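Working notes, beginning with the structure itself.
Readers should treat all values here as calculations from the given coordinates under stated rules, not as data from a laboratory. Just so you know, these numbers come straight off a predicted model, no measurement behind them. Positions of Cβ are generated from backbone atoms using ideal geometry, with glycine treated the same way; all protein chains shown enter the neighbour counts.
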Amino acid sequence: MSVSEDSKNLIIPGDILACERDNQTVDIIGQGIYLSFENHLYNNNKLYPTHVGIENYTTKNNKVIATLDYNSKRYIPQQGDYVIATVTNNYSTHFLCTLNNFSSTVTLPYANFPQATKKNRPKYENGDLVYCRVKTVDTDLPAELECMDSETGNKDGFGLLEQEKSKHTAVLDCSLAYARELLFNDKGFPLLSDMVKKNLSFEVAIGVNGKIWISTASLLETLCVYKILSKCEKSNRDSILQIIEETVTEYVKE
Amino acid sequence: MAKDLEISNIEKKFIFDLLASSQRLDGRKSLLEQRNLNIVITPNKFGDIYIEYKRLDGSIATRLHCKVTSEVVKPKAQRPFEGTFFINCEFNGLAGLNFENYKVGSNSDEFYYGRLIESMILRSNALDLEQLCIIAGLKVWNIRVDVHVLEFDGGFLELASIGCMTSLLHYRRPDVTVRNEKVTVHSFDEKEGVKLGVLHIPIALQFNLFQLKETAEIIKSNSSIENNELVALDCTLKEDLLKDGEFIIALNKNREIVQLNKPGGLPIAALKLIQFAHMALPIIEEITSKMLKAIEIDERQRNKYGHLLSAENDRYAG
Amino acid sequence: MSRFEFFTSEGLRIDGRRSGELKNFESSITTTSNFANFSRSTSTNTTYLQMGQNKVLVTINGPKEPTNRSKIDITKATLTTTINISKFSKVNRNTNKSNLPDKQTLEWEYEITQLFSKIVVLETYPKSTISINVTVLQQDGGLLSAIINCITTALINNSVQIYDIVTAVSVGIVDQKHFLLDLNHLEEQFLSSGTIATIGGSDEVCLMRIRDKFPLDLIEEFVQVGVQGCSVLKHIIINQVKDMNLNKLVEIQ
């Protein structure tokens, strides 16, 4: 068995990252990399990989971003992530939401909505899905979500994922890497655009916490999209077109 | 069943809509369709069985391990002529995170289902306990079935009942000889094992009810005419969490109800209840024949050289 | 087959009843004389029910705020049931030394909780608990049905909102053809029997429980006898509840 090009760069915890080896400066660190803090004993800031994955360096606005792509099912909130949260409880100042089953809850304060006043508070029920962004992550406090762009105060597409009467909606749970791939790695969403080419019209919202929200006009179409997305997660890139073809003929064009 | 699983309203509605148009989330196209049942008998062992439900794409949905063990014990004082039988159902973190905080309590479904299977086999005398007596009042066999849930996506009750019965049918206990009140247990090398006395094969089937209207409306309406509920067989975990009631029936091939349970939940018209009871029979007959076939295939494999060693002669050959 | 003749050719059972005859049924409220007692002044009433030789006491506690905060459900009330079968309730004293309930009682608790969570209008009492405490003083056959009937009466007496009345009876079968209603202790021990509960005397079955071997082809008749028994029982319960509440009305006026 030959080692492919990708797996040569596979980093496991304990390895030395390429940027450390080459003494390269990194401005922003992403998932899977831990920055050891400056302290009395070790007077150095070092980057350590904490997961098994492939390291990845990109430059954006003259800033080097280092990430470690890894797959997992458990989501740990990180600042700036776009997530789909489930409302589980509401209090006088905030909603309590979960991002994952069996994980600690996060808060969504009423103040983090556009045009929030004391009287004008959003009315969400328990079990509703909200598309929002992680605002702050603190080790001592539960993570805080926001439903607006906090710099401009605009709504920016955040908010309740509604159940319109004429539409059929569904939520798909997937692995975190798949959600990230759909959002970032696929330039121009090839998988989703392939599906559109097959005359499937649908709306999606992808949260990096491993949740995909789908909305179409008919129930069977929703089921079809649901099936395609869940099948493509486990299969090769090359067979995507075939899967789409099969599923569409199975559910929509019978 | 689960404590910390959150199902959003959107998902709830989606699953309900699918059920209402007789589609299932895992690709099945009918409410009364079961997933593929697969029985794996571990070779070279007796009564060690893996039993699983497979999804349409071949992945394993639910997987249980049933193992029978036996030991010689003192019988209970009230029943000196009978052996003892015990089923241990264990849900732990292996089956899913929702079972981690499992405590024996009246409100846990796991406890209830475990009890159902135990009493299904015990109270209907499916296992002949008198055959397990070695010396009356002193020594009897204790048969114990351990059921472990290795993977869980609904359908525990059916799989556990099939698994228990298959492993009991397949198990052989060591042979014993009694001489002057002294009991010798022979290993399988010395004497061939003895099959347990299984008198009939009860299998449980769970019908899951989903309510279509508000509770007040259902209670006030005449449901033998109106359609108030959906009935589905073999629910996945998500459907299981959303169900409003259940109806469990354990039957054997001889047209006998071994157990019938409708533990509260959504009320259902008596006529429909009877209808389901009759509907269960062909399904259970099919499962029973599948079970017996799996055991027969295993037996043939085990006894590969049996015909060479046997003294039977083929009189009518040629 | 059995040592007793459960159903004679004259159509009489051991205790002299006919096949479809119920045991005498009697219920009353507020057995505690000290009604203004501090601890039970808010909402608690005790209901006593006698169904043949079954003697059951039910106290309903709530709707009240739960002591345990984690048990709060903000959309509806949570229902809990505890059944205490006293050790002297049978002919022979229960020799089980531990005070923990046995497995059958736990099963009943589960079933009763499941049953009444669809009958009580839980949505009207959000963030609260309703606990049903059952004490069995004496048991004859068909204890589960007596408990269910007593809880229904108790729920009415405690003015907890319910959709409809639930009634339950036990049914047994003799020689594969005679169906006996409302079994006594001996009949329950030797016959294959079951319990059936319906809503408001209609044919809506909300609880059914058969734990003995039972021929599949006789299930129709079994259900039919049970449903009929339940509808008769409903009228008895309604009459008794009316009698009990007449006093209440007098108090108001």
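Here is how the numbers come out for the structure above:
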quantity: Entries of B:Lys253/C:Lys103; A:Lys123/A:Lys155; B:Lys220/B:Lys272; A:Lys227/B:Lys54; B:Lys213/C:Lys234; B:Lys76/B:Lys139 with Cα pairs more than 19 Å apart; calculated: B:Lys253/C:Lys103; B:Lys213/C:Lys234
quantity: Zone residues, segment C:117-132, relative to C:Ile74, backbone N less than 19 Å from point 7 Å out along Cα-to-Cβ; calculated: C:122-129
quantity: Loop sites in segment B:219-288: GluC sites (Glu not before Pro), DSSP, at most 16 other Cβ within 10 Å; calculated: B:Glu226
quantity: Reachable lysines, given that their alpha-carbon falls under 17 Å from the alpha-carbon of C:Lys55 and they are not under 8 places away in the same chain; calculated: C:Lys23, C:Lys87, C:Lys90
quantity: Taking C:Ile60, B:Ile134 and counting other C-beta atoms within 10 Å, the order from fewest to most; calculated: B:Ile134, C:Ile60
quantity: Chymotrypsin sites (Phe, Trp or Tyr not before Pro) restricted to segment B:101-207 and DSSP loop, no more than 15 other C-beta within 10 Å; calculated: B:Phe188
quantity: A:Ser104-B:Asn92 FRET efficiency (beta carbon distance; Förster radius 22 Å; 0.05 resolution); calculated: 0.50
quantity: Sites B:Leu308 and A:Ile16 - FRET efficiency at Förster radius 56 Å, r taken between beta-carbons, to 0.05; calculated: 0.30
quantity: Rg/Rh (Cα only; Kirkwood hydrodynamic radius) as it applies to segment C:137-233; calculated: 0.99
quantity: Cα-based reach from A:Lys119 at 16 Å (exclusive), listing lysines while leaving out same-chain residues under 8 positions away; calculated: none
quantity: Residue order, fewest to most surrounding Cβ atoms within 10 angstrom, among B:Ser8, B:Ser30; calculated: B:Ser30, B:Ser8
quantity: Distance in nm between pseudo-label sites at B:Asp128 and B:Arg55 (7 Å out along the Cβ direction from Cα); calculated: 4.4
quantity: Distance between modelled label sites at C:Asp243 and C:Ser86, nm, 7 Å Cα→Cβ extension; calculated: 2.3
quantity: Peptide C:214-224 - average C-beta neighbours from other chains (10 Å radius); calculated: 5
quantity: 14 Å Cα-Cα reach of C:Lys213 towards aspartates and glutamates, excluding residues that sit fewer than 8 places from it in its own chain; calculated: B:Glu256, C:Asp175, C:Glu188
quantity: Sites A:Gln115 and A:Ser201, calculated FRET efficiency, Cβ-Cβ separation with R0 22 Å, nearest 0.05; calculated: 0.10
quantity: Radius 12 Å from Cβ of A:Phe158, net charge of other residues (Lys, Arg +1; Asp, Glu -1); calculated: 0
quantity: Ratio of the Cα radius of gyration of segment A:82-160 to 2.2 N^0.38 Å, where N counts its residues; calculated: 1.00
quantity: For chain A, the longest site-free run once chymotrypsin sites (Phe, Trp or Tyr not before Pro) in DSSP loop states with at most 12 other Cβ atoms within 10 Å are removed; calculated: A:92-254
quantity: Computed label-point distance, nm, for sites B:Asn180 and C:Glu123 using a 7 Å Cα→Cβ extension; calculated: 7.9
quantity: Packing-based exposure ordering (other Cβ within 10 Å, fewest first) of C:Thr75, C:Thr167, B:Thr69; calculated: C:Thr75, B:Thr69, C:Thr167
quantity: Whole-number Å³ per residue for the convex hull built on Cα positions in the protein assembly as shown; calculated: 283
quantity: Computed [θ] at 222 nm, helices only, for chain B once each DSSP H run of length n ≥ 4 contributes -39500 (n - 2.57); calculated: -9000 deg cm²/dmol
